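> Mind having a look at this structure? Questions to follow.
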Amino acid sequence: MFNDSIKKKKSLLEIALWSFLTFASIFVGGILIFFTWLIWPIEDFDATRIVSHESNAYISSKLDLKDQGIKYLLTKIEEKYVKNPMEAWIISCFLPSRISGGIIYNTDNPNKPNYIIIADIGWRVRLSSLVRIASYYHGVGKFIAGYSTYNGYKLIVFGAKTTPIAGLAVVQGKIVASNNIELLKKTLDNTQKGSFVEQPSINYLYHTMSQYDSLALINNANGWVTNIIRYEEDKSSYSVFPSIDAVNAIAIGIDIVDEDRINGEIILSQYLQSSSEMVKEDMMFFAAFFRRVLKTYDVDIQSDVTIQNNNVHFIFKGNGFSALWGKL
Amino acid sequence: MPYGANYKRQESLMKKVTEQCFLITAAVITLFITPSLARGEEESLLHRDTLVAFHIINSPKDPGVSWLLTNWLSQIKASKKFLPEQKHAFSDLFKIMPKDIEGGIINKDILVIIAPVPSNSNTLKDALFKIIKKIKPLEKFNYKEYKGYYRADETKLRLSGFAVSENYVILTSNSGYIKQTVDILKGKKQRLSDDSRYEEIMALLPSKSDITLFANNKDRGFSKVLKEWEKQWKMTVFLSAPYLDSMGLSFDVIDGDKIKGVFIFKCLQKEKIPDVLDDAKFLGEVFRRKFAKEKIKYTSNVTLKNDFVFLDLEASGLKPLWVKLFNQ
């Protein structure tokens with residue numbers, strides 16, 4: 001009788017142990033599967049593909065924390081604007097590896113261009129459903145007007161007019177946002193069509209300047225930059241950039257080397273090689289002008305202006321930015 | 001998208017710098033028209049420590065200066081900034097304007113103007129009294145044979161007091177400095193013309209000119225004054241200012257339409273001459289771009305002669321620009 005009782009207890013213990021081990025395995029396995037799923041490389045694409053050829057400008061900036069200059073700048077921004085350590089941690093978790101975007105000049109309202117912002121966040125995009133959870137938090141929820149689906153993409157629509165974005169969608173490893181819902185939808189439609197950087201005038205500049213951490217490409221083929229400059233010149237009665245008519249596209253590349261140094265390059269690409277001297281003259285004037293403006297903030301700029309085929313290259317190296325960052 | 005803000009900033013800075021240059025020139029031309037000390041042949045009335053000295057020759061036979069004065073006066077009469085009695089005072093003052101007017105900036109803050117007293121000294125005193133007076137009553141000034149008035153609310157570089165003797169009229173932004181000026185005039189010691197820098201630059205400037213300006217960079221005096229102005233302009237116009245020994249400027253207003261001028265820069269160190277050349281070229285370019293937009297014909301040339309850097313410039317078609325400046 002006594003032996004039976006011991007046997008019974010033993011078998012119960014065995015059952016409990018096995019049950020525990022089974023549940024523990026399932027739990028650990030589940031966690032492992034979840035994290036494997038979470039960090040499994042996501043199918044992704046080049047962000048330039050969804051910046052439409054209708055854009056007037058393209059901007060891109062790497063946010064690589066291994067880069068000394070970027071890290072310094074982001075730390076400064078964090079110190080200035082993020083006071084709560086939890087917020088700082090969340091931001092660092094969701095920090096995109098690159099931010100890029102396209103700008104469409106709005107002729108009806110030149111001060112309010114339409115734009116698309118693309119944040120590369122890779123596998124962390126799988127946590128995007130957390131946005132829906134966060135929307136129950138009053139601080140976030142008050143901005144979100146609703147959720148919808150467009151062309152298979154889930155859209156989050158922001159209601160407040162004061163927010164810089166009207167809506168966003170997740171496209172593979174990217175968050176795509178815009179200040180104009182129609183533009184956002186058009187961008188989602190355009191995923192496989194002609195992009196801004198594929199245009200012949202831009203393509204060369206894009207490949208030549210892609211080594212820079214931050215890049216801006218401006219297409220002046222329809223003369224929108226020319227119109228702005230002419231308007232400002234007339235307003236101020238000053239001839240700043242008389243050769244702008246000859247400029248087809250502009251590229252600006254910048255590397256923040258460290259807290260004190262910035263290297264960069266500007267390329268002015270012309271329709272005709274014959275205009276290069278005229279454009280070079282303007283570029284040299286800008287170089288001299290900015291050198292003098294920055295000198296006021298104790299920043300020294302060393303630069304060189306050269307002509308290569310249809311392009312005027314302005315290469316510069318700046319020292320003494322640390323004080324300027326502080327002021328900014 | 002940096003185009004808007006940066007471009008506007010660049011335009012407005014350019015505008016500020018060029019307009020300041022023109023305003024100084026215009027003010028210098030118009031404010032001072034009296035008897036004197038033809039440049040290079042007589043001694044200066046200013047103290048040796050003057051950082052920036054100017055000299056204006058108001059010859060009634062000179063069609064350029066006469067045209068400018070007539071137009072300036074008509075703009076004053078049309079202006080709402082002045083009271084009717086002040087407008088009358090300006091009218092009276094312009095009629096008896098001395099042939100030679102000398103002035104300068106001392107210790108960064110003090111502006112002084114000295115001119116021989118015209119035959120009708122009572123008209124001069126009355127006119128100056130009305131022009132200087134604002135709301136509060138003027139304080140009396142009496143020192144040696146000089147008598148005059150000054151405003152208690154003095155601000156730096158703004159004329160706020162005057163004193164008249166049988167020989168000279170002194171206007172200054174600092175009532176305390178009137179006494180010092182009187183002593184300098186009486187003592188004939190420590191004059192600016194005793195400074196070898198002044199002699200050297202003045203000897204190089206053309207003998208026939210309506211306005212001359214001398215900037216003394218002894219102990220970096222001029223570059224310190226310039227730095228103050230540059231802070232307001234938010235631009236370092238002369239990168240090479242700390243390496244300058246002295247600077248001269250001469251303008252000949254040929255008629256209402258045409259002006260001819262020369263800047264002369266003397267460098268402290270030979271190895272810094274390329275920097276001074278660069279500054280001179282930039283200055284020429286700043287003018288060229290302003291004039292290009294105003295449809296003014298302009299030519300300039302930078303040369304190096306015996307370690308002195310010369311910027312020669314000539315402009316015609318200036319009438320509309322003068323009118324615009326007087327209207328400000």
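The values are calculated or read from the model by the stated rules, or taken from the named source; none is laboratory data. Remember, it's a predicted structure, so these values are computed and weren't measured experimentally. All Cβ positions, glycine included, derive from the backbone under ideal geometry; neighbour counts span all protein chains shown.
> Inside the range B:161-182, can you point out the residues that are within 20 Å of B:Met97 (Cα to Cα) and either in a strand (DSSP E or B) or free of Cβ contacts under 8 Å to residues at least 40 places away in the same chain (or both)?
Of everything in the range B:161-182, those that are within 20 Å of B:Met97 (Cα to Cα) and either in a strand (DSSP E or B) or free of Cβ contacts under 8 Å to residues at least 40 places away in the same chain (or both) turn out to be B:Gly161, B:Phe162, B:Ala163, B:Val164, B:Tyr168, B:Val169, B:Ile170, B:Leu171, B:Thr172.
> Hey, does the range A:244-252 have a residue that's under 29 Å from B:Gly284 (Cβ atoms), more than 11 Å from chain B (Cβ to nearest Cβ), under 21 Å from the mean Cα position of the chain (by Cα) and of a type in the set (Gly, Ala, Ser)?
Checked against the condition, which is being under 29 Å from B:Gly284 (Cβ atoms), more than 11 Å from chain B (Cβ to nearest Cβ), under 21 Å from the mean Cα position of the chain (by Cα) and of a type in the set (Gly, Ala, Ser), the range A:244-252 yields no hits at all.
> I'd like the full set of residues that are over 22 Å from A:Leu205 (Cα atoms), more than 13 Å from chain B (Cβ to nearest Cβ) and small (Gly, Ala, Ser), limited to the range A:260-290.
Across the range A:260-290, there are no qualifying residues.
> Restricting attention to the range A:296-317, report how many residues are more than 14 Å from chain B (Cβ to nearest Cβ) and of a type outside the set (D, E, K, R).
Selection size over the range A:296-317: 11.
> Separate question: Taking helices (runs of 4 or more DSSP H) that do not extend beyond the range B:189-298, which have at least 2 residues that are among the charged types (D, E, K, R), over 21 Å from A:Ser239 (Cβ atoms) and at pLDDT below 90?
Helices (runs of 4 or more DSSP H) meeting the threshold: B:221-233.
> From the list A:Val293, A:Val257, which residue is under 30 Å from the mean Cα position of the chain (by Cα), at the interface with chain B (Cβ under 10 Å from one of its Cβ atoms) and modelled with pLDDT under 95?
A:Val293
> Mind listing whichever residues of the range A:85-114 are of a type in the set (Phe, Trp, Tyr) and under 22 Å from A:Ile70 (Cβ atoms)?
Residues satisfying the conditions are A:Trp89, A:Phe94.
> Could you tell me whether any residue of the range A:75-89 is over 22 Å from A:Leu328 (Cβ atoms), outside any helix (DSSP H, G or I) and not small (Gly, Ala, Ser)?
yes
> Quick check on my filter: what residues within the range B:313-324 are surrounded by fewer than 17 Cβ atoms within 10 Å (Cβ to Cβ) and either assigned to a strand (DSSP E or B) or free of Cβ contacts under 8 Å to residues at least 40 places away in the same chain (or both)?
Answer for the range B:313-324, where residues must be surrounded by fewer than 17 Cβ atoms within 10 Å (Cβ to Cβ) and either assigned to a strand (DSSP E or B) or free of Cβ contacts under 8 Å to residues at least 40 places away in the same chain (or both): B:Glu314, B:Ser316, B:Pro320, B:Lys324.
> Something else now. Against the definition (surrounded by 15 or more Cβ atoms within 10 Å (Cβ to Cβ), more than 30 Å from B:Cys267 (Cβ to Cβ), assigned by TED's automatic domain parsing to the domain that holds B:Leu83 and not aliphatic (A, V, I, L, M)), how does B:Lys130 come out, yes or no? Show your work before the answer.
Values: surrounded by 15 or more Cβ atoms within 10 Å (Cβ to Cβ): yes; more than 30 Å from B:Cys267 (Cβ to Cβ): yes; assigned by TED's automatic domain parsing to the domain that holds B:Leu83: yes; not aliphatic (A, V, I, L, M): yes.
Yes: the conditions hold for B:Lys130.
> Then there's this: Only one of B:Ile178, B:Ile211, B:Ile201 is closer than 27 Å to B:Asn120 by Cβ and either surrounded by fewer than 15 Cβ atoms within 10 Å (Cβ to Cβ) or in the same structural domain as B:Gly261 (by TED's automatic domain parsing) (or both); which?
When all the criteria are applied, what remains is B:Ile211.
> Filter the range B:228-271 for residues that are of a type in the set (A, V, I, L, M) and touching a residue at least 60 places away in the same chain (Cβ under 8 Å); which is farthest from B:Phe310 (Cα to Cα)?
So the residue we want is B:Met235.
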